[in-house]
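Engineer: Right, I'll just put the structure down here and ask away after.
The values are calculated or read from the model by the stated rules, or taken from the named source; none is laboratory data. Not measured: the values here are computed from a predicted model. Counting neighbours? That spans all protein chains shown, and the Cβs are built from the backbone with ideal geometry, glycine included. The accessibility values were calculated without ligands, DNA or RNA, using every heavy atom of the protein model including side chains. Shrake-Rupley method; radii C 1.70, N 1.55, O 1.52, S 1.80 Å.
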Amino acid sequence: MGASDPEVAPWARGGAAGMAGAGAGAGARGGAAAGVEARARDPPPAHRAHPRHPRPAAQPSARRMDGASGGLGSGDNAPTTEALFVALGAGVTALSHPLLYVKLLIQVGHEPMPPTIGTNVLGRKVLYLPSFFTYAKYIVQVDGKIGLFRGLSPRLMSNALSTVTRGSMKKVFPPDEIEQVSNKDDMKTSLKKVVKETSYEMMMQCVSRMLAHPLHVISMRCMVQFVGREAKYSGVLSSIGKIFKEEGLLGFFVGLIPHLLGDVVFLWGCNLLAHFINAYLVDDSVSDTPGGLGNDQNPGSQVGWNKDLSIFPCTASIAVSMLTYPFLLVGDLMAVNNCGLQAGLPPYSPVFKSWIHCWKYLSVQGQLFRGSSLLFRRVSSGSCFALE
């Protein structure tokens, strides 16, 4: 995962946390912030209100109630709210860290345990690599339970820096002029609003990613030391000194470009896809009355297309996360490549000239989605393992 997850528009998000299997989130992506309800969950106003169920007065959106900062951390409670977000993010990050740790070791190709023979749904014998739980148990046997949290400190600092950066940017560049998408808008108007809001989110995501990426690099390198049992990167300050001495300033930003590209594609893909789903699939005849369908025949029904289709934006988010997973994989591999650690050198990995070289190599090997699954991991056809 990266230092922070891309922030999808509030109306386009599902209710799931960042995908650990696809973006370490991938995240999804593999972050700590949970999504908010999709726009499709909120029933759009009916074309006419039922007389027995008068339409409630329009309420100002959460963004308008935020004040100048455009977020919950505005006004007198800004420091408290921001500290709460940092604390909640730290808790989720700590709980999900073993998942990210195992995922990274799989991404770099470290398979310390042999595969086991199993059967697929067709009854054929196949080789399965150890799942997350088996891998985590192995780490505990080698390093103890505390070993599952190797590299956690720089990751916590990275996520906290990302959260603070977002809050500061909302104060400096308040999103007051961004209008919320309404189903009263025509297609052209609503699309313009989506583009404007996504552009604003992209700016925040790119800036926070760039500022937090050096700590992300340190965290990745601390974790992959498990492969060669090294102790080169032991603390944040000492790691900063080593990277600057050996690789210069650019050493803190290796793997940044694929992460940025993945974030941008994820944001635009999710927001635009959710927008078109809401525009073409959501039935505008569903009212916002307590019953659901606002019509004379059935004013109190609990069934409506909006309720049934509210899963689509969340599904779209997961699908886009899987499509952008190769960017996450390449970015993480570049962060540890040729840094003096065994996991970033042959035979685990060639020395890549650029992230494009890494992408092409993984593509030829059929490994662009390596580590995207942590439960059912079949041995690929090109693997050195074979059935006896």
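Engineer: Placing +1 at every Lys and Arg Cβ and -1 at every Asp and Glu Cβ, with all other atoms neutral, what dipole size does region 194-234 have around its Cα centre, in debye to the nearest 20?
Structural biologist: The calculated dipole for region 194-234 is roughly 200 debye.
Engineer: Choose one of Q225, L261, S199: the residue whose Cα lies farthest towards the positive end of the charge dipole of region 113-263 (beta-carbon charges +1 Lys, Arg; -1 Asp, Glu; about the Cα centre).
Structural biologist: Q225
Engineer: Along the charge dipole of region 101-223, which of P175, V121, S153 sits closest to the positive end, that is, farthest toward it, with unit charges on the beta carbon of Lys, Arg, Asp and Glu (+1, +1, -1, -1)?
Structural biologist: Sorting the options by dipole projection puts first V121.
Engineer: Could I ask something else about it? For M113, tell me the accessible area in Å² from a 1.4 Å probe, rounded to the nearest 10.
Structural biologist: 30
Engineer: Mind giving me the FRET efficiency for I356 and T80? R0 is 35 Å, r the Cβ-Cβ distance, nearest 0.05 is fine.
Structural biologist: Here the calculated transfer efficiency is 0.20.
Engineer: Then there is this: Provide the gained length on full extension for the span V121 to F369, in nm with one decimal, where the gain is 0.36 nm per separating residue minus the Cα-Cα distance.
Structural biologist: Contour length minus Cα-Cα distance gives 87.1 nm.
Engineer: So what are the radius of gyration and Dmax for the Cα set of region 326-384, in Å?
Structural biologist: Just the Cα atoms of region 326-384 yield Rg and Dmax of 11.7, 32 Å.
Engineer: Can you give the accessible area of T80, probe radius 1.4 Å, in Å² rounded to 10?
Structural biologist: Answer for T80: close to 100 Å² accessible.
Engineer: What is the extension gain from L211 to Y280, computed as 0.36 nm multiplied by their sequence separation minus the C-alpha to C-alpha distance, in nm to one decimal?
Structural biologist: 21.0 nm
Engineer: On to the next question. Scale the Cα Rg of region 194-267 by the rule-of-thumb value 2.2 N^0.38 Å and send over the ratio, two decimals.
Structural biologist: Taking N as the residue count of region 194-267, the ratio is 1.33.
Engineer: Between A319 and A231, how high is the FRET efficiency from 1/(1 + (r/R0)^6) when r is the Cβ-Cβ distance and R₀ = 41 Å? Nearest 0.05.
Structural biologist: It comes out at approximately 0.50.
Engineer: Just how much of S168 is accessible, in Å², when a 1.4 Å probe is used and the result is rounded to the nearest 10?
Structural biologist: The value for S168 is about 50 Å².
Engineer: Next up: Distance in nm between label sites at F133 and L345, each 7 Å beyond Cα in the beta-carbon direction?
Structural biologist: So the label points at F133 and L345 sit 3.8 nm apart.
Engineer: Which order do the peptides 196-202, 245-251, 335-341 come out in when sorted by mean C-beta neighbours inside 10 angstrom, highest first?
Structural biologist: Output ranking for 196-202, 245-251, 335-341: 335-341, 196-202, 245-251.
Engineer: Let me ask something else. When the Debye formula is applied to the Cα atoms of region 124-175, each taken as the same point scatterer, what base-10 log of I(q)/I(0) results at q = 0.14 Å⁻¹?
Structural biologist: Evaluating at q = 0.14 Å⁻¹ gives log10 I(q)/I(0) of -0.62.
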